[in-house]
Amino acid sequence: MTHHQPVLLDLRRRLVSAALVVAAAAGVGLAAGASAAPTSVRQWSHDWVRDAVFYEVFVRSFADSDGDGIGDLAGLTARLDYLNDGDPATGDDLGVTALWLMPIFESPSYHGYDTVDYEAVEADYGSRRDLRRLLRAARRRGIRVIVDFMINHTSSQHPWFADSASSPEAARRDWYVWRPDNPGWTQPWGPGPTWHPRNGAWYYGIFWSGMPDLNFLHPPVRQEAIRLARLWLRRGLDGFRLDAARHLIAAGPGELQNDTPETHAFWREFAAAIRERRPRALLVGENWTDTPTIATYYGEVDEVRGGDELPMNFNFPLAAAVVDGVGRGRADGIVPVLEEMATVYPHGVLDGTFLTNHDQRRLASQLGGSPERLRLAPAILLTLPGTPFLYYGEEVGLANGPGDRDEQKRTPMPWSDEPDGGFSEGEPWFAFAPGREHANVARQTGDPGSLLSHYRRWIRARRASPALRRGGVRLLETGEPGDAVLCFVREAGDERALAAHNLTGDLQIVGPLAVAADQLEPLQVDAGARPAGGGPGGWRLVLPPWASGVWRLVSSP
C-alpha cells in the first residue's frame, strides 16, 4: 500500500457508512455479505431471453435515412424487416428476435460511450419520437430492444462533472472520485494513468481523462443510476448492456480496480431495484475476464432464480475459445471452457454467448476470410447453450477496415455493392471496409449458398428446437478424430438434439457416440453430413470438411 492509500480508504469508509444508512432506510442491503433478506423476493422473469437471438447494432453505421452520412434510428427502423419481418412462415429475414443498440444517449464522441445527457437521444440519431417509432415497429415484429447503459463513467463534458470539478465545495463534488495528489496508479490492463489533474486536484478515470468515473460509494449517484434505468424502462426499453461492469468501484492500484466487494454490492442493489419494477428486463454485464470471475457476477441463486446480481454476463472465454478453435482446426480449447462453466457457473443462469463484438477485430478478419470457417463458427455458436449475440455484418462476412482503430471495427453496413453501399445517399461518416463487392446483403440475398443464407438457416433451426434454445449440454467422446470434432447432446423436456462440428479440412468419421436413439432426424445439416449407421447402442457420423450437423434423437415408443 502506498502512503496515499489511507486518504482514499478513509473516504471509502466514510462513504460506505453513509451508504449503509441510506440503503437501510430503503430496505436494501449494500455491504458485501449483507444479511436479513426480505421474506418475499421478487424473481426475474426471463423466459423471453432464453428463446432469443440478439443482434448488436452500431446505429451510426447501420442505415442512414436523411442523407447526412450518419446512420440513425429511422434508418434502423426502415431495415427491421431484414432482421425480422414478423412472419414466422417467411425465410428471407435473418430471424433475430432482440437488438442490442450501442450507445444512443447524447455524447460528444462518435462512439457514444462518454455521455453528456442520459435522458436525451443522441441528436445525430434522431429524437425520442424516433426511438418510440423504432420500439413500436420492433414490437410488431416480436423484437425486443436493449441499449448500452454506461454508468461507470460520464463524459468530462457532462454538467455533473463540470460542477464537480469547479470547487471542493461544489454540490456534486462527491459525484466523482477526487484526491489532492496523484497516487500513480495505472490501468489494470496496461500502462495508462487512471488519475488525472483538474483545477488543483486529481480525479479518477480508469479509461482516460475524458471519461471520469462516477463515485458509486456516494448514495445520490447510486440513486440516480437506478432512477435513469427505471426511466428508460418506462419509455419502452427491455433492458441494458452494462458497460465496464467490473470496474465500478476501485479500492487501490492494479487489480484492486477490478471486482471489488463494493462493486458487487451495488449490482445487487441495482438489480433488486430493476427486478422490483421490471422483472422481465434484462441486465447483461460486460465483464471481460476469466470464467470463475465472470461467475461471481451472477451473485447468489438461492433466493433469486438466475442470480441476485446480473442475470446475464457475456462469455468472453467461450467466444475466444470458439474463434481460436475454428481458426486452428481443433476443439481442445472449447471443451475445457464448457467444462469449467459447468463447475463454477451458478445453476440456471443466463449465458450471453457471441463470436466477436465492437471492441474486437471482426470475425472475417480473424479467420482470414475463409468461407468454410465463417460458416463453421456461427453453426457452433447457434448450437451451444446460452443466448447468442451476433455483431452486425457478421452474417455477410463483413471484415475490418484497414488498421486497428476502433472505427475500423464499426464501419458502415454494406447493403449493396453500389457506390453508396445502400447505406446513405450522402458521404458515409466513415469509409466502408474492403470486400464490399461480395460481402453485402443484396448480393447474398436469394443465394442459398451464401453466408447470409447459412446464418438464416441455423438461426431458424435454433428457434425451432427447444433443446437448442434451452437445453443443457453433455459433451461426447468422439473416438478416433479426437480434438478434430466437437460433439455434444442438448436436452430440454422431451427433446434431445445431437450436434456435431468438424473443425478440420479433412473428412471425419465420428463414433460410435454414446447416444441412445432409434433414429437421427435432421434439424439442420450441412451438405454431406449424415449418420453412418447405428442404433440404440450408439451412432456414427460422416462429417465432410468444416461441416456441421444437428439431429433430433428419436426413440421408438
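Here the extension length gained between V554 and D81 equals 166.7 nm, from 0.36 nm per residue of separation less the Cα-Cα distance.
If you place +1 on the Cβ of every Lys and Arg, -1 on the Cβ of every Asp and Glu, and leave all else neutral, what size is the dipole of the stretch 451-529 about its Cα centre, to the nearest 20 Debye?
With only Lys, Arg, Asp and Glu charged at Cβ, the dipole is about 640 debye.
When the Cα positions of A120, G333, V323 are compared along the charge dipole of the chain, A120 comes out farthest toward the positive end, with charges on each C-beta of Lys, Arg, Asp and Glu. Accessible area of the chain with a 1.4 Å probe: how many percent of it is carbon plus sulfur? Of all accessible area on the chain, carbon and sulfur atoms account for 51 percent. Think of a 1.4 Å ball rolled over the protein heavy atoms: the chain then has 38 Å² of accessible area per residue.
If you wrap the chain in the convex hull of its Cα atoms and look at it from every side, the mean projected area works out to 26.4 nm².
If you count the DSSP beta bridges with both ends in the chain, what percent of them are antiparallel, to the nearest 5?
On the way: 42 of 68 bridges.
The antiparallel proportion sits near 60 percent.
Would you work out the charge dipole size for the chain about its Cα centre, treating the Cβ of every Lys and Arg as +1 and the Cβ of every Asp and Glu as -1, and quote it to the nearest 20 debye? Mind dumping the intermediate values first?
Working: 57 positive and 70 negative charges, 262 e Å.
So the dipole magnitude of the chain works out to roughly 1260 debye.
Using the 2.2 N^0.38 Å rule of thumb for compact globular proteins, work out how the stretch 217-305 stacks up: its C-alpha Rg over that value, please.
Numbers: Rg = 13.4 Å, N = 89, 2.2 N^0.38 = 12.1 Å.
Relative to the 2.2 N^0.38 Å estimate, the stretch 217-305 comes out at 1.11.
Each peptide among 167-178, 540-551 gets the average number of other Cβ atoms lying within 10 Å of its residues, and from highest to lowest they stand as 540-551, 167-178. Seen from all directions on average, the stretch 260-397 presents a Cα convex hull projection of 8.7 nm².
Starting with the highest mean, order 138-144, 71-77 by the number of other Cβ atoms within 10 Å, averaged over the residues of each peptide. Show your work: numbers first, answer last.
Working: 138-144: 17.7, 71-77: 24.0.
Result, highest mean first: 71-77, 138-144.
A simple packing score, the average count of other Cβ atoms within 10 Å per residue, orders the peptides 215-222, 242-249 as 242-249, 215-222, with the highest score first.
Given Cβ point charges of +1 (Lys, Arg) and -1 (Asp, Glu) and nothing else, what value in debye, to the nearest 20, does the dipole of the stretch 272-423 about its Cα centre take? Can you show the working numbers first?
Working: 14 positive and 23 negative charges, 51 e Å.
Using Cβ point charges on Lys, Arg, Asp and Glu, the stretch 272-423 gives about 240 debye.
The residue list Q524, T77, A229 was ranked by how far each Cα lies along the charge dipole of the chain toward its positive end, using unit charges on Cβ atoms, and A229 comes out on top. In the stretch 441-557, the alpha-carbon atoms span a convex hull of 106 Å³ per residue.
Please give the contour-minus-distance gain from A492 to N182: 0.36 nm per residue of separation, less the Cα-Cα distance, rounded to one decimal in nm.
Numbers: separation 310, 0.36 × 310 = 111.60 nm, distance 5.53 nm.
Gain in length upon complete extension: 106.1 nm.
For S109 and A527, the FRET efficiency from 1/(1 + (r/R0)^6), where r spans their Cβ atoms and R0 equals 41 Å, is about 0.35. Normalised by the number of residues in the stretch 411-557, the average gap of Cα pairs under 8 Å and 6 or more apart makes the relative contact order 17 percent.
The values are calculated or read from the model by the stated rules, or taken from the named source; none is laboratory data. In this text the structure is predicted, and so the values were computed from the model without any measurement. In this analysis, Cβ positions are derived from the backbone assuming ideal geometry, glycine residues included, and neighbour counts consider all displayed protein chains. When the accessible area is computed, the model is the full protein with side chains, heavy atoms only, and any ligands, DNA or RNA have been set aside. Shrake-Rupley method; radii C 1.70, N 1.55, O 1.52, S 1.80 Å.
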